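Asker: One structure, as structure tokens, below. Some questions next.
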Amino acid sequence: GDIMAHKENFSMKDYSIIWDDVRNIIKNSDFSFANLETVVDDSSENQTYPRFSVHSSYAEEAIKAGFNVFSLANNHINDHGLKGISSTKKWAENAASQFAENSASQKAVPEQRPLYFSGLRNSGEDFSYCIIKKGNWKILYMAVTELLNQYSYTSYINFVEPSQKGRNLFIQQLKNLRSKNECDLFILSMHTAEAEYVFETSQKQNQYYTDLINEADVDIIWANHVHVVKPWSLVVNQKNGKPEKLIMRANGNTISGQRWNPQFSEPETPRDYTGDGLIMHVTFSKKVYNDASETALFAHESEKAEITSIEPIFITTYITPEQNFVIKKLDDNFIQTLENQNRKTWAGYIRERKKLMEKIEGNIIWN
């Protein structure tokens with residue numbers, strides 16, 4: 001979901017504790033994706049809503065926690081104009097270079113994996129994208145936004161006009177991109193032009209997702225912007241019954257300061273959903289099917305990637321007695337910990353939030 005930084009977040013003395021409870025989840029996947037929804041600029045002061053900016057130290061704790069694929073395309077990326085766009089792009093390029101495979105600096109931090117970023121570009125160039133390789137896998141990744149807080153400097157951003165004409169053009173661009181880049185998976189991050197804090201997805205938006213899958217052959221649609229978790233869809237091949245694609249309509253906030261005033265007596269209020277997020281753990285395998293037998297092979301032109309497991313992991317933002325905003329797994333163990341610490345009000349609140357979040361479920365689309 002969204003990594004944000006309100007004053008409550010960047011005022012913390014130790015950013016690493018934000019991730020302590022979930023870093024094992026993040027690091028244990030080959031690729032962990034996040035939408036970094038802020039400008040990164042060490043030459044300016046940290047700034048909160050409505051124009052976000054953080055120092056690199058805040059963003060880099062997310063990298064140390066295990067995130068290694070980022071979207072930089074969102075409505076806040078031009079909150080500070082071209083200076084903010086440029087500083088964020090420069091930071092991302094330096095970070096990617098620092099942790100590139102076989103770089104001298106990576107040897108000093110062996111646990112850090114190569115980093116990938118998409119969403120920003122040089123003016124006059126086509127949309128930026130990444131080719132991610134690991135073993136016999138090749139992943140095509142692109143991040144775009146349909147929404148900006150100010151519509152300036154769009155030539156430096158992967159910006160898609162959210163009109164029907166703009167979307168049709170974008171689908172054609174994606175078709176051309178995939179045709180030129182054979183890959184096992186095509187992953188598209190989309191910052192959508194939808195209303196914030198709304199759980200429903202319009203029929204028009206769902207049709208757009210279907211078009212992206214069927215016409216542009218996108219394998220994973222990873223949408224964001226609304227700051228709440230929406231239901232997801234597993235897309236199953238109707239011919240062979242195999243799950244092949246995934247639509248995540250919104251995974252909410254991974255971390256933010258939006259839950260600065262929890263409504264303990266009314267935990268179901270819409271604003272309280274901004275304190276919860278979803279980490280979707282998805283496993284893909286490449287397989288080929290011959291008659292009645294199933295055989296997993298190494299790279300082969302007839303192989304097809306399919307989803308072998310999906311595990312939704314709900315997370316929640318917890319405000320510690322020291323007023324630190326940290327991420328916790330939204331589960332019974334955390335509730336029991338709060339009970340043991342005699343934080344009864346928080347325990348009751350999190351118990352109700354868990355019930356509410358568990359009502360958000362995925363479904364199956366037969367394609």
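Asker: Work out how much length ILE131 to SER29 would gain on full extension: take 0.36 nm times their residue separation and subtract the Cα-Cα distance, in nm to one decimal.
Answerer: Gain on extension, ILE131 to SER29, equals 34.9 nm.
Asker: I'd like the carbon and sulfur percentage of the solvent accessible area for the chain, probe radius 1.4 Å, heavy atoms only, ligands and nucleic acids excluded.
Answerer: 47
Asker: Here's another thing I want to ask about it. Quick one: compute the contact order of the chain, relative version, from alpha carbon pairs under 8 angstrom and 6+ residues apart, as a percent.
Answerer: Once divided by the residue count of the chain, the mean separation gives 15 percent.
Asker: For the pair GLU60 and LYS138, how long in nm is the line joining their label points, each one 7 Å along Cα→Cβ?
Answerer: Once both label points are built, they end up 3.4 nm from each other.
Asker: Going by a ≥ b ≥ c, the root eigenvalues of the Cα gyration tensor, does the range 162-227 fall in the rounded group (a/c under 1.5), the prolate group (a/b larger than b/c) or the oblate group?
Answerer: prolate
Asker: Based on the Cβ-Cβ distance from ILE310 to GLN173, what FRET efficiency comes out when R0 is 41 Å, to the nearest 0.05? Mind dumping the intermediate values first?
Answerer: Values: r = 29 Å, r/R0 = 0.70.
With a Förster radius of 41 Å, E is 0.90.
Asker: Accessible area per residue of the chain at 1.4 Å probe, in Å²?
Answerer: 46
Asker: Let me ask something else. Starting from the Cα of LYS287, draw a straight line to each of the lysines and keep only those under 26 Å, dropping any in the same chain fewer than 8 residues away.
Answerer: Within reach: LYS27, LYS133, LYS134, LYS138, LYS175, LYS180, LYS239, LYS242, LYS245, LYS304.
Asker: Restricting to DSSP H runs of at least four residues, report the calculated mean residue ellipticity at 222 nm for the chain, -39500 (n - 2.57) per run over all residues, nearest 500 deg cm²/dmol.
Answerer: For the chain, the value works out to -7500 deg cm²/dmol.
The values are calculated or read from the model by the stated rules, or taken from the named source; none is laboratory data. Quick caveat: nothing in here was measured; it's all calculated off a predicted structure. Note that each Cβ is placed from the backbone with ideal geometry, even for glycine, and that neighbours are counted across all protein chains shown. Please note that ligands, DNA and RNA were not included when accessible areas were found on the heavy atoms of the full protein model with its side chains. Shrake-Rupley method; radii C 1.70, N 1.55, O 1.52, S 1.80 Å.
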